[in-house]
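What follows is a short report on a single structure.
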Amino acid sequence: MQKNKSNDTSVTIIDEEVCMGDEQFIVSKTDLRGHIIYANRTFMEMSALSEDKLLNINHNIIRHPDMPKGVFKFIWMTIKKEKEFFGFVKNLRSDGRYYWVFANITPEYDVNGKLSGYLSVRRKPPISALDVIEPIYETMLEIEASASSNKIAEDNSIDYLQKQLKNLNVEYQDFVIGLFNSQ
Ligand SMILES: Cc1cc2nc3c(=O)[nH]c(=O)nc-3n(C[C@H](O)[C@H](O)[C@H](O)COP(=O)(O)O)c2cc1C
């Protein structure tokens, strides 16, 4: 039995998927630290968390232990540069089940044009994309498990991802958008 240790909750992980509907969008907004300041109803339904369990809480409340640290490092490296992020994320529901999303994260600005937070919109990913992404994330996790520190884990697993992209001769964003469109 596995527990999610990335946040204060101790959810028992259940290896059972809950799929998003084709027409559904999960939307959330965060502050600069990734604390949730808005969650739409679909987000509450898919995470099985009520609004009061989500608001003002770090987005890692739905972090699934099958997600490599390197992916989140890559997300934060991208959005802190005020660039848009696209990618596949496996998320944890409060009942222990999981759901996959294709996420887009964009910067948000205040009236003075200063970066004020982030907006994320997610859609149902095609199975064909997950068939490609899951083995990559599994290898990233194995690489991370054998590293002597979190920093080395993140760096080595991002290196692995970059090498895969280099072998395929594709940039990260083109790769994931291509997978999303391959349905
Ligand atoms: C707008 C936005 C959306 C995010 N969405 C998710 C998400 O859906 N799932 C997730 O696990 N982390 C998401 N994150 C990243 C989390 O803030 C966090 O970095 C990640 O869960 C790893 O947490 P940890 O470093 O505490 O393990 C999001 C961050 C931002 C800024």
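For the stretch 22-43 versus the stretch 105-136, the inter-centroid distance based on Cα atoms is 10 Å. Around the Cα centre of the chain, unit charges on the Cβ atoms of Lys, Arg, Asp and Glu (plus for the first two, minus for the last two) sum to a dipole of about 440 debye.
Label reach from Asp52 (point 7 Å along Cα→C-beta): in the stretch 82-114, amide nitrogens under 20 Å belong to 94-95. For Asp131, neighbours were defined as the other residues whose beta-carbon sits under 14 Å from its Cβ, and their charges (Lys and Arg +1, Asp and Glu -1) total -2. Shown here for the stretch 4-85: GluC sites (Glu not before Pro) in loop regions (DSSP other than H, G, I, E, B) with at most 14 other Cβ atoms within 10 Å, namely Glu16, Glu23, Glu82, Glu84.
Both radii come from the Cα set of the chain: Rg as radius of gyration, Rh as Kirkwood radius; their ratio Rg/Rh reads 0.94.
The modelled label-to-label distance for the pair Glu16/Asp66, using points 7 Å beyond Cα in the direction of Cβ, is 1.4 nm. Result for the chain in a Gaussian network model with C-alpha springs under 10 Å: among Asn167, Asn40, Asn150, the largest mean-square fluctuation is at Asn167.
Taking amide hydrogens as placed 1.01 Å from N in the peptide plane, the amide H of Val11 sits under 5 Å from those of Asn4, each at least 5 positions away in sequence or on another chain. The aspartates and glutamates within cross-link reach of Lys81, meaning a Cα-to-Cα straight distance under 16 Å and a gap of 8 or more places when in the same chain, are Asp31, Glu108. Across the options Leu115, Val71, Phe43, the greatest Cα extent toward the positive end of the charge dipole of the stretch 40-125 (unit charges at beta carbon of Lys, Arg, Asp, Glu) belongs to Val71.
Look at the dipole of the stretch 26-180 built from charges on Cβ: of Leu55, Ser149, Gly178, the Cα furthest out on the positive end belongs to Leu55.
Laboratory data are not the source of any read-out in this text; all were calculated from the coordinates shown. Just so we're clear, the structure is a prediction, and the values are computed from it rather than from any experiment. Using ideal geometry, Cβ is built from the backbone for each residue, glycine included, and neighbour counts are taken over all protein chains shown.
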